[in-house]
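S.K.: I have a structure here, written as structure tokens, and I will follow up with some questions on it.
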Amino acid sequence: MRKLILITIALVIFTLPAFGQEEELPIVVTASDHNWDGGDKIDLEWKIPLDILDIIKGVELIRQIKDGADFATIAEIHSTEPNSAEKGGDLGWFGRGSKEPLFEEAAFNANVGDIVGPVESQLGYHIIWVRDKRGEDDEEEVQASHILLKKVETFKIYRSNSTDEIDAIIKDEKSKAVKDAKEAVTKRLIENAEKEGVSKDDKGLLQRIRDERKSVADNASQDITDREGDIRAESEFKFLTVAGKNETTFTVEKLEGDIAYSFKILALDKDGNILLSGITDKSISPVAQSFDGSRFFLGIITLILCFSVVWFIQMARRGKPLKVRKIAGLEAVDEAVGRATEMGRSILFVPGIQDMNEIQTIAGLTVLSRVARTAANYDATLEVPTSRSLVMSAARETVQASYLSAGRPDAFNQDLIYYVTDEQFGYVAHLSGRMVREKPAACFYMGAFFAESLILAETGNSIGAIQVAGTAMPAQLPFFVAACDYTLIGEEFFAASAYLSGEPEQLGSLKGQDVGKVIVGVVMIIGITVATIGAITGSEAMMNMLQFIKSTVLG
């Protein structure tokens, strides 16, 4: 390592006049197509050579110290480690195993009074002054001072602008220049007119403003045209992001497949000064891949979910019982219908106020099928007023099929399943009036509801009906919970079909979805834990893991 540094120093010292003091040294930048993507990503990788500028500076500082300069003073001025710089670079006494290996090797191998370096470590480059030694072998200690020279702190990443993007920049520059020129000349002429006592509506002034605006607009446009070459050169690259000093790779996203891109990397110190730079040696275009790797983990989760569904369906078909917890609202159907039969009153079923394209309406009709079959068995009267004509047709088919399966097709009366109106509160007014007049013994509200949920639930509560509600509308659930006897909340409502039918396919799907919920729950717990640890400790690794979970695992 030391030989490599000395060779590099020699080469730089001899070649330095050739590229001048202001010349930036190269970073090796390579670009490659991102594997398994949709054709809009390029992977960048860069390698930074030995930080030649710091090595040269270290050699110069060593020369100054050997020529008689005070080490402590040099350390206070040039060292980038605040704690030791304030003490003239003093590190005190230290034994083996307390410093980085390369630093220790240089310090323990040097004689007392030697100035050694530059020695590279993860922190930067060190100039070490061995001031004293004591002890022997494993108990040997060194008293030393050091000067730490800065290294690269951040990288700025740029990509080339396409011809269309540069044309758009020039167009915007020209539009802005023309606009600013027109506004400036208009303001100047109006201010001069006010000083001279000329009215703003003076025809001569207005004509002069028009002429001047046209003239300055032409001049501004021509100026941008004359500077077009310079603007194109300045707009060659577009800033993308800043990478940390320990990062050497970056994936550029949202690229277009028909454009060849170049990329540039700038290495900066902590003060924002450019130390090194590099540009890809050739342009590259992203290529669409057969598989999008960014969705790989999401695909794995999907496969696990699908396998779970198929597995549980097969288990159900083989007769193995699948445990599904009891849903009180669905268990109460027999109780509600039985109560209506005993009291000689009707059953009111409201399938929400949305059309058949709403999944909640379909879930509500599934529950209607069970209610209708129970009503047929108990010889109870079931009334289903709807606010959509398609829902009325579907409800009639559902109820008729239920009466048929119960062996009571003659008891089916399609007139009890009827259309009221599409108008929200007109429909609610009809339901409320009918509930107050006929006082049904049981009321079912199954579907999508809005403001009418509270009106219906309170009206049913006031007449003493047993009420069962089910919806996936979060804002309406509190009203149903407060006023109804039983409420199916979200997932319970959608699980009603599997719960009531007991069919293997539906039960297997229900249990398979539970596996998906477990996976999501575990990922959420891991994500929350990682985010909490990252926020408390400030760990960059934890925040990178969190970003990976959000963008890759969760898709």
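S.K.: For a Förster distance of 41 Å, can you work out the FRET efficiency between the beta-carbons of ALA482 and LYS254, rounded to the nearest 0.05? Intermediate values should be presented prior to the final figure.
M.R.: Working: r = 48 Å, r/R0 = 1.18.
It comes out at approximately 0.25.
S.K.: Rounded to whole Hz and in sequence order, give me ³J(HN,Hα) for the stretch 132-137 from the Karplus expression 6.51 cos²θ - 1.76 cosθ + 1.60, θ = phi - 60°, writing x for Gly and Pro.
M.R.: Those phi angles translate into 6, 9, 8, x, 9, 6 Hz.
S.K.: Find the all-direction average of the projected area of the Cα convex hull for the stretch 328-494, expressing the result in square nanometres with one decimal place.
M.R.: 8.2 nm²
S.K.: Where does helix 2-19 land angle-wise versus the long Cα axis of the chain, in degrees 0 to 90, nearest 10?
M.R.: 80 degrees
S.K.: What are the principal axis extents of the Cα atoms in the stretch 178-235, in Å, biggest first?
M.R.: 48, 16, 12
S.K.: What is the helix-to-structure angle for 424-438, meaning the angle in degrees between its Cα long axis and the longest Cα principal axis of the chain, kept from 0 to 90 and rounded to the nearest 10?
M.R.: 40 degrees
S.K.: On to the next question. Could you list, in their original order, any pairs among LYS171/LYS282; LYS264/LYS550; LYS517/LYS550; LYS326/LYS511 whose Cα atoms are separated by more than 22 Å?
M.R.: Table pairs above 22 Å Cα-Cα are LYS171/LYS282; LYS264/LYS550.
S.K.: Using the 10 angstrom Cβ neighbour count as an exposure proxy, how do PHE108, PHE444, PHE480 rank, fewest first?
M.R.: Numbers: PHE108 17, PHE444 31, PHE480 24.
With the fewest neighbours first, PHE108, PHE444, PHE480 line up as PHE108, PHE480, PHE444.
S.K.: For the chain, find the longest principal axis of its Cα atoms and tell me its angle to the long axis of helix 163-196, 0 to 90°, nearest 10.
M.R.: Relative to the chain, helix 163-196 is tipped by roughly 90 degrees.
S.K.: How big is the Rg/Rh ratio for the stretch 232-348, C-alpha atoms only, Rh by Kirkwood, two decimals? Could the numbers behind the result be given before it?
M.R.: Values: Rg = 31.3 Å, Rh = 22.2 Å.
Using only Cα positions, Rg/Rh for the stretch 232-348 is 1.41.
S.K.: Put +1 on the Cβ of every Lys and Arg and -1 on every Asp and Glu Cβ in the stretch 178-235; which of ALA181, VAL198, VAL216 then has its Cα farthest towards the positive end of the dipole?
M.R.: Farthest along the dipole direction, towards plus: VAL198.
S.K.: In the chain, if the dipole is taken from +1 on Lys/Arg beta carbons and -1 on Asp/Glu beta carbons about the Cα centre, which of VAL371, THR341, THR30 is farthest to the positive end?
M.R.: THR341
S.K.: Could I ask something else about it? Tally Lys and Arg at +1 and Asp and Glu at -1 over the other residues with C-beta under 13 Å from the C-beta of GLY88: what net charge comes out? Show your work: numbers first, answer last.
M.R.: Details: positive: LYS87, ARG131; negative: ASP70, GLU76, GLU81, GLU86, ASP90.
Here the charged neighbours net out to -3.
S.K.: Name the trypsin sites (Lys or Arg not before Pro) in the stretch 196-243 that are in a loop by DSSP and that have at most 11 other C-beta atoms within 10 Å, would you? Walk me through the numbers before you get to the answer.
M.R.: Values: sites: LYS200, LYS203, ARG208, ARG210, ARG213, LYS214, ARG227, ARG232, LYS238; in loops: LYS200, ARG227.
Sites meeting the loop and neighbour criteria: LYS200.
S.K.: Taking other Cβ within 10 Å of each residue's Cβ, how do HIS146, HIS430, HIS78 sort, fewest first? Please list the in-between numbers first.
M.R.: Values: HIS146 27, HIS430 15, HIS78 19.
By the 10 Å Cβ count, ascending, the order reads HIS430, HIS78, HIS146.
S.K.: The list (1) 24.8; (2) 32.6; (3) 24.1 gives values of Kirkwood radius over Cα pairs in Å, and only one came from this structure; which label was calculated from it?
M.R.: Label (2) holds the value from this structure.
FYI, it's all coordinate maths here, none of it is from the lab. Treat the numbers as computed from the prediction; the structure is a model and nothing was measured. Glycine gets a Cβ as well: all are built from the backbone with ideal geometry, and neighbour counts include every protein chain shown.
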